[in-house]
Structures are given as structure tokens and as C-alpha cells.
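Engineer: Below you will find the structure I want to go over with you.
FYI, it's all coordinate maths here, none of it is from the lab. All values reported here derive from a predicted model rather than from experimental measurement. Here the Cβ positions follow ideal geometry from the backbone for every residue, glycine too, while neighbour counts run over all protein chains shown.
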Amino acid sequence: MEKDGGNYILTLPDNYQIGLSSVTATSMEWMSMASGDMFHCTKAKP
């Protein structure tokens, strides 16, 4: 895992990378470096 300010890059096997940004206690942006897909994710309530 690499951290750049409030952003994170997770490197998985075969160098597949996922970027996480705008991370808060309740949400974050998720991005696939391979496809460019981006999703706004929110924390589910139990």
C-alpha cells in the first residue's frame, strides 16, 4: 500500500492496482487503475 496525502494505492497480485481517495469515516472513491472504473462507496449501516 502506498499513501499520498489522503489517497491510497493498493497493489494486488499481478500488479493490479486499486486507488482509494476522498476517504472519510462514511465514504470513499474507489478506482480501478486497469479499467478506469470509478465508484463512490458509502458505508452500509448494520
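Rundown of residues vs (1) more than 9 Å from the chain's Cα centre (by Cα); (2) surrounded by 13 or more Cβ atoms within 10 Å (Cβ to Cβ), yes/no style:
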| site | (1), (2) |
| --- | --- |
| Gly5 | yes, no |
| Tyr8 | no, yes |
| Leu20 | no, yes |
| Met33 | yes, yes |
| Asp37 | yes, no |
| Thr42 | yes, no |
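Engineer: Only one of these conditions is not met by Glu29: (1) on the phi > 0 side of the Ramachandran plot; (2) part of a strand (DSSP E or B). Which number is it?
Structural biologist: Among (1) on the phi > 0 side of the Ramachandran plot; (2) part of a strand (DSSP E or B), the lone unmet condition for Glu29 is (1).
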